[in-house]
1. How many of the residues in segment 24-75 are among the charged types (D, E, K, R), over 25 Å from Val180 (Cα atoms) and touching a residue at least 24 places away in the same chain (Cβ under 8 Å)?
2. Could you check segment 171-199 and list, in sequence order, the residues that are over 26 Å from Ala127 (Cβ atoms) and either of a type in the set (A, V, I, L, M) or modelled with pLDDT of 85 or more (or both)?
3. Exactly one of (1) of a type outside the set (Lys, Arg); (2) surrounded by fewer than 21 Cβ atoms within 10 Å (Cβ to Cβ); (3) at pLDDT 90 or above; (4) over 24 Å from Glu138 (Cα atoms) is unmet by Ile111. Its number?
4. Name, by its number, the condition in (1) surrounded by 15 or more Cβ atoms within 10 Å (Cβ to Cβ); (2) without any contact (Cβ under 8 Å) to a residue 24 or more places away in the chain that does not hold for Val159.
5. Any residue at all in segment 121-144 that is closer than 26 Å to Phe44 by Cβ and either of a type in the set (Phe, Trp, Tyr) or under 15 Å from the mean Cα position of the chain (by Cα) (or both)?
6. Being in a helix (DSSP H, G or I) and charged (D, E, K, R) is the filter here; which residues of segment 52-87 pass it?
7. What's the number of the condition Lys124 fails, among (1) charged (D, E, K, R); (2) at pLDDT below 90; (3) surrounded by fewer than 19 Cβ atoms within 10 Å (Cβ to Cβ)?
8. Take the residues in segment 5-52 that are modelled with pLDDT of 85 or more and polar (S, T, N, Q), then tell me which one is surrounded by the fewest Cβ atoms within 10 Å (Cβ to Cβ).
Amino acid sequence: MNKSRLEAFTDAVIAIIVTIMVLELKVPESPTFEAIFEKAPYFFAYIVSSFFIGVAWYNHHYMFTLSKHITKKIYWLNNLWLFSMSLIPVATAWVGEFVNDRDPEIFYLLIFAFWSYAYLFLSKALANQLENDGGPAEKIRRMFIYRFMNSIWYPVILVIMIIIVFVFPPIGLLIGLIEVIVNGIKTTPDSDQLDEFID
């Protein structure tokens, strides 16, 4: 399959997902700052999800720049990853509306975990495909997000987060924001020289 077709499709789907989240932002019902503050939980959930999608897209772009062609397996794993991401607007809206309740926070974490493992499977498939090329496969495996999600720490942290959410639900979004910021800061050092990898 032509790599650029899949990249264009992926970019379009991600743009739609972000647009859906923006459309969930409602205009306050009165012309006061108090009305804005009433929407603060959704604004916060929206910020977390926006950063989350931004970091995800950046890392996805890096990996696909390193790849040379798209196999059927990579195509379907990419679709699974996009499907998991398409659930983020629903999870964001629900947790933004009921930030102090357990079920929406746990649902948000479960969608986050679903997305993470879909991304990990996609990353592994891309790295395995590039195995014979040496360098590109190792670049993917050295990515902080790849190493973190492939470690024992990731499922342990997920379980701890779910336990914490049972005690104090709003902490789930805050921990999610911290994780997204860390992943954003820890992007691969050479990711700002992507043009060098393009044939």
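The values are calculated or read from the model by the stated rules, or taken from the named source; none is laboratory data. All of these numbers come straight from a predicted model, not from anything done at the bench. Glycine gets a Cβ as well: all are built from the backbone with ideal geometry, and neighbour counts include every protein chain shown.
1. Within segment 24-75, residues that are among the charged types (D, E, K, R), over 25 Å from Val180 (Cα atoms) and touching a residue at least 24 places away in the same chain (Cβ under 8 Å) number 3.
2. Residues satisfying the conditions are Ile171, Leu173, Leu174, Ile175, Leu177, Ile178.
3. For Ile111, the failing item is (2).
4. So Val159 meets the others, but not (1).
5. Kept after step one, since they are closer than 26 Å to Phe44 by Cβ, are these residues of segment 121-144: 144.
Remaining after also requiring either of a type in the set (Phe, Trp, Tyr) or under 15 Å from the mean Cα position of the chain (by Cα) (or both): 144.
Within segment 121-144, one or more residues are closer than 26 Å to Phe44 by Cβ and either of a type in the set (Phe, Trp, Tyr) or under 15 Å from the mean Cα position of the chain (by Cα) (or both).
6. Here is the first cut: in segment 52-87, the residues in a helix (DSSP H, G or I) are 52-66, 72-86.
The answer is Lys72, Lys73.
7. Single failed check for Lys124: (2).
8. Across segment 5-52, the extreme among qualifying residues is Thr19.
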